[in-house]
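The next block holds one structure in the form of structure tokens; read it before the comments.
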Amino acid sequence: VLVQGAGGTGNSVLLAAMALVMQRENLGFMATSAWTGVAAAPFQAPTLCTLFRLERTKLDSEKQMSEQQIGLMLADFRNYYGDPEILTVFAVGEASFLGSPVLHHLDVQLRRLLGRPDDPFGGVLLLLLGDFWQKAPPAGISLAETLAATDAPLEPEKYIKVASPDSLAARGLH
């Protein structure tokens, strides 16, 4: 699920409301993380790299992990969030910073962490929050660009109409 919205539009409020409803209705729990520490800090959460032991310089290769390493990742997850057996939603802030390789590693690590190798993202709902107009990922192509390149023609100006300042002024809009 993708929630698009610039800073200050209520993403954090939405997450807090979802967490309350999930708790009240006994629907498991939601873990929240983000690419940067600034975005993860309000949730007192680790970054994706810390939690899932991702190395920014090695995102183009498959990460191999021993059973012991997976056990340590599981112990860290329990320390930060609680029992992963009742995890139902994993929310990722700053989705605009993520590229396809990060999502792939997130999928692989959630499968390992939850012991569900055949279920995408370990069988939990992945909630991506962010502002795709904000900033591209630190390296590579943004998820939005990847999706647009595969699902839409490469000439968006032919298909997307942007109102000119003159047309907005003519309608009394600025």
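The values are calculated or read from the model by the stated rules, or taken from the named source; none is laboratory data. Just so it is clear, the structure is predicted and the values come from calculations on it, not from any experiment. Neighbour counts are summed over all protein chains in view; Cβ atoms, including those assigned to glycine, are modelled from backbone coordinates with ideal geometry. These area figures cover heavy atoms from the full protein model, side chains too; ligands, DNA and RNA do not enter into them. Shrake-Rupley method; radii C 1.70, N 1.55, O 1.52, S 1.80 Å.
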Hey, any hits in the range 60-70 for a residue that's at pLDDT 90 or above, in a helix (DSSP H, G or I) and under 16 Å from G122 (Cα atoms)? yes
Selection count, the range 83-101, where residues are open to solvent by less than 20 Å² (accessible area, probe 1.4 Å), in contact with a strand residue (DSSP E or B) (Cβ under 7 Å, 6 or more places away or on another chain) and without any contact (Cβ under 8 Å) to a residue 60 or more places away in the chain: 2
Please go through the range 15-42 and give me each residue that is free of Cβ contacts under 8 Å to residues at least 24 places away in the same chain and either polar (S, T, N, Q) or more than 23 Å from L74 (Cα to Cα) (or both), ordered by number. A16, A17, L20, V21, Q23, R24, E25, N26, V38
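Determine if the range 62-75 includes at least one residue that is acidic (D, E), exposed (fewer than 13 other Cβ atoms within 10 Å of the Cβ) and more than 21 Å from F29 (Cβ to Cβ). Can you show your working first?
Within the range 62-75, the subset acidic (D, E) is 62, 67.
Subsequent filtering for residues that are exposed (fewer than 13 other Cβ atoms within 10 Å of the Cβ) retains 62, 67.
Of the ones still in play, those that are also more than 21 Å from F29 (Cβ to Cβ) are 62, 67.
Yes, that holds for at least one residue.
Quickly run through the range 76-128 and pick out the residues that are of a type in the set (F, W, Y) and assigned to a strand (DSSP E or B). Show your work before the answer.
Initial filter on the range 76-128 (of a type in the set (F, W, Y)): 77, 80-81, 90, 97, 121.
The one that is of a type in the set (F, W, Y) and assigned to a strand (DSSP E or B): F90.
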